[in-house]
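Data first, discussion second: the structure below is written as structure tokens.
The values are calculated or read from the model by the stated rules, or taken from the named source; none is laboratory data. What you are looking at is a predicted structure, and each value in this text was computed from that prediction instead of being measured. Quick reminder, even Gly has a Cβ in these numbers, built from the backbone with ideal geometry, and neighbours come from all protein chains shown. SASA here: full protein model, heavy atoms, side chains in, ligands and nucleic acids out. Shrake-Rupley method; radii C 1.70, N 1.55, O 1.52, S 1.80 Å.
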Amino acid sequence: MYAYTDFDRQFVRARAAQFRDQLERNLAGTLSDDEFRPLRLQNGWYVQRHAPMLRVAVPYGVLSARQLRRLAEIARKWDRGYGHFTTRQNLQYNWIPLKDAADVMDALAEVDMHGIQTSGNCIRNITTDGLAGVAPDEIVDPRPYAEVLRQWSTLHPEFAFLPRKFKIAISGAAEDRAAIAWHDIGLQLKKNAEGEVGFQVLVGGGMGRTPIIGQVIHDFLPWNQILVYLEAIVRVYNRYGRRDNMYKARIKILVKAEGQAFFDAVNTEFQQILSDDAGGHEHLIPQAELDRVAASFTTPVGVSALPAQDIFEGAQGAYKRWLERNVHAHRLSGYRGVTLSLKRAALPPGDATDAQMEAAAALAERFSHSELRVTHDQNLLLPWVRESDLGALYELAKAHGFATPNIGLLSDMIACPGGDFCALANARSIPVAAAITERFQDLDELYDIGDIDLHISGCINSCGHHHSGHIGILGVDKDGAEWYQITLGGSDGSTLSGAAVPGKVIGPSFAADEVPDVIESLIQTYRSERAAHERFIDTVRRVGLEPFKAPANAQRTLTAAAR
């Protein structure tokens, strides 16, 4: 993982000191709440439904065991003993008193962490594939490029107050595990016939009220030009993006409205930066700088290919299922990536207690060279596990609640914190997720259902990525009551799901108590309609939505009684 330099460390600690001064002036009444708001937001501090919420940046999802231990300490000392891992590979705390905020920022800075630009109308955390650097289908390791983009975008003076928040994702593998088409900018690393590295650049993707898939604006941009090209895109957006209506302020609206005119403006701006800007060519990335950054992302010392093992030899029961679901192929023979599932009964999806964070850190130290990943699916992943250690790892993971063999199955759902915490939410996500998890506890049933993406959002902001779920659940408000809209057929762009596409609504919304029955009816319909070995998403696309609508609507016991 990236090794902070003295400059990096000084930068983050100076930012923490600056935030302490701002907080002290706000608490003393000399800096108004309105003046303090943009300052705290760009350091990751929200004021939510019940208490301040802190979002901690985990750049491109890479964590050290030391950092995870510090996150556990913060949860224990200043929060209520847990944290929530998000789809943007960050960590959120929901109960830290604002008066303690500066102490928390200092504690984070001590382990090279912060909350900078995890909120506000700026470029947010750069995300990527949880298997980056270890995936066998990887074309180019995206982590060095993600780190260069992080350094470029952090406190960029021109892009601190964009029309709206801005999200970038990057993938370097044949399979898109970063949902790049759903981002303001999506980057796909490629190699041409000569072996040269470049980027396919997508722009204008996003969820929210208007789900739109990003469009290709450049099919093969030489890698060293990427900062200039991103500068051009964000400049055009900053100049022409709407500021009169926050619901139409994202770049996706501008791209959709302007079409080719937007593309032309970006390409003109790109050429003008190189020809007219003072020092424009200095934004071309030197090979020496990429090499400097990439030196932090080499294979750990002591790791090299080993004789491959048949990991399933003699495996039975839950352990065999864990090997099938939670253990992933690796680019190095004799090694595997292993997902620590954060989807289990009694805790919301993505939540981890301070004790579990400590346990995960210990597992990383023992089995994965002290490195972990936060995945897009709100789990943790150990990227450097020897095949010979899988048995021992399984026993310890099971003891700490990480070994549910459900990765990719119905209970491995994505969910935002929803109305229990978020001031923007229209409805709660956590109780709905808990009810569905309780309904589908039987592993035999889950394995019979097979691969399926279930995503839950508590409001139209789509933090739970409901648009891209094979089954999406969206919380909506009707006259102060919680209701839930169901969509089918969405895709994140992965190989399983196919090209990115938003799901389609199957009818009027349902009451909260009806949702588990609706999900069960959808699953039963799939089972009755599926062909041999056909997955849920393929059945939905083959038969269409109509066969699912009537069984779902038949579950309207509560809404029917209210009419």
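Go through the stretch 166-256 and tell me which strands (runs of 3 or more DSSP E), entirely inside it, have 2 or more residues that are crowded, with 22+ Cβ neighbours inside 10 Å, at pLDDT below 95 and not charged (D, E, K, R). Don't jump to the end; show me each part of the working.
Numbers: elements: 168-171, 185-191, 197-203, 215-222.
Here the list is empty.
Being within 21 Å of the chain's Cα centre (by Cα) and charged (D, E, K, R) is the filter; apply it to the stretch 420-476 and report the residue that is most open to solvent (accessible area, probe 1.4 Å).
Residue satisfying both the conditions and the ranking: Arg428.
Residue check: is Leu162 more than 23 Å from Arg66 (Cβ to Cβ), part of a loop (DSSP other than H, G, I, E, B), modelled with pLDDT of 95 or more and open to solvent by less than 10 Å² (accessible area, probe 1.4 Å)? Full working, then the answer.
Numbers: more than 23 Å from Arg66 (Cβ to Cβ): yes; part of a loop (DSSP other than H, G, I, E, B): yes; modelled with pLDDT of 95 or more: yes; open to solvent by less than 10 Å² (accessible area, probe 1.4 Å): yes.
When the stated conditions are applied, Leu162 passes them.
So Val148 clears everything in (1) open to solvent by 10 Å² or more (accessible area, probe 1.4 Å); (2) farther than 26 Å from Asp492 by Cβ except one condition, right? Which one?
Among (1) open to solvent by 10 Å² or more (accessible area, probe 1.4 Å); (2) farther than 26 Å from Asp492 by Cβ, Val148 violates only (2).
Looking only at the stretch 16-61, filter to residues that are hydroxyl-bearing (Ser, Thr, Tyr) and farther than 18 Å from Gly120 by Cα; which one of those is least open to solvent (accessible area, probe 1.4 Å)?
Of the residues in the stretch 16-61, the ones hydroxyl-bearing (Ser, Thr, Tyr) are 30, 32, 46, 60.
Retained after the next criterion (residues that are farther than 18 Å from Gly120 by Cα): 30, 60.
Values: Thr30: 102, Tyr60: 12 Å².
So, considering only residues that are hydroxyl-bearing (Ser, Thr, Tyr) and farther than 18 Å from Gly120 by Cα, the one least open to solvent (accessible area, probe 1.4 Å) is Tyr60.
Go through (1) in a helix (DSSP H, G or I); (2) out of contact with any helix residue (DSSP H, G or I) (no Cβ under 9 Å at 6 or more places or on another chain); (3) of a type in the set (Gly, Ala, Ser) for Ser494 and report which single condition fails.
(1)
Looking only at strands (runs of 3 or more DSSP E) that fall completely inside the stretch 268-382, which ones have 3 or more residues that are among the aromatic types (Phe, Trp, Tyr) and open to solvent by less than 50 Å² (accessible area, probe 1.4 Å)?
Values: elements: 335-340, 351-353, 371-374.
Per the criteria, no element qualifies.
Looking at the stretch 87-112, I want the residues that are more than 13 Å from Val12 (Cβ to Cβ) and have a partner that is basic (Lys, Arg) and in a helix (DSSP H, G or I) with Cβ atoms under 8 Å, at least 6 apart or on another chain. Which pairs are those?
Within 8 Å, the pairs are Ala101/Arg40; Ala102/Arg20.
I'm trying to understand the selection: among the residues of the stretch 62-113, which are open to solvent by less than 20 Å² (accessible area, probe 1.4 Å) and among the aromatic types (Phe, Trp, Tyr)?
Phe85, Tyr93 - these are the residues of the stretch 62-113 that are open to solvent by less than 20 Å² (accessible area, probe 1.4 Å) and among the aromatic types (Phe, Trp, Tyr).
Just to verify a result, which residue in the stretch 531-543, among those that are open to solvent by less than 70 Å² (accessible area, probe 1.4 Å) and either part of a loop (DSSP other than H, G, I, E, B) or among the charged types (D, E, K, R) (or both), is farthest from Thr487 (Cα to Cα)?
Filtering the stretch 531-543 for residues that are open to solvent by less than 70 Å² (accessible area, probe 1.4 Å) and either part of a loop (DSSP other than H, G, I, E, B) or among the charged types (D, E, K, R) (or both), the one farthest from Thr487 (Cα to Cα) comes out as Ala531.
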